[in-house]
């Protein structure tokens, strides 16, 4: 575990301080934009934070990945599927004829959340470059 942490630190310090500051400023802007509409109540904001972070990591890996292309494509597919499932749960995108939420819709939402969490729990340790 320490080797992986040291390896990450080495890659971070390869950039000049000026480039690091610029990169950090871009990241902070993205987080500020996200936080502006993210609040401290309700499950959807927790899930949206996880979805946002997976998206950020996925984009970073897409931009910087250098290893096995097959593994890379599999990892991207897993992350995208997790993002889509979380977005569906957050937006409650389950069509219903009535205005009331049906029990079936809640079950579908729970199943999608469970699937997203299962994908993450099985693969999250491989989701980095």
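The table below lists the values:
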item: Residues of the stretch 1-20 satisfying the condition of being loosely packed, with under 11 Cβ neighbours inside 10 Å, part of a helix (DSSP H, G or I) and at pLDDT 80 or above; result: 17, 18, 19
item: Residue satisfying condition, being at pLDDT below 95, closer than 20 Å to residue 52 by Cβ, out of contact with any helix residue (DSSP H, G or I) (no Cβ under 7 Å at 6 or more places or on another chain) and part of a helix (DSSP H, G or I), within set 117, 124, 90; result: 124
item: Filtered residues of the stretch 32-62 (kept if in contact with a helix residue (DSSP H, G or I) (Cβ under 6 Å, 6 or more places away or on another chain) and either surrounded by 15 or more Cβ atoms within 10 Å (Cβ to Cβ) or within 17 Å of residue 120 (Cβ to Cβ) (or both)); result: 34, 44, 47, 48, 51, 52, 54, 55, 58
item: Lone unmet requirement of (1) within 16 Å of the chain's Cα centre (by Cα); (2) surrounded by 12 or more Cβ atoms within 10 Å (Cβ to Cβ); (3) touching a residue at least 24 places away in the same chain (Cβ under 8 Å) for residue 65; result: (1)
item: From 55, 19, 26, 30, residue being without any contact (Cβ under 8 Å) to a residue 60 or more places away in the chain and in the same structural domain as residue 89 (by TED's automatic domain parsing); result: 55
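The values are calculated or read from the model by the stated rules, or taken from the named source; none is laboratory data. Note that the coordinates shown come from a computational prediction; the quantities given were computed from them, not determined experimentally. In this analysis, Cβ positions are derived from the backbone assuming ideal geometry, glycine residues included, and neighbour counts consider all displayed protein chains.
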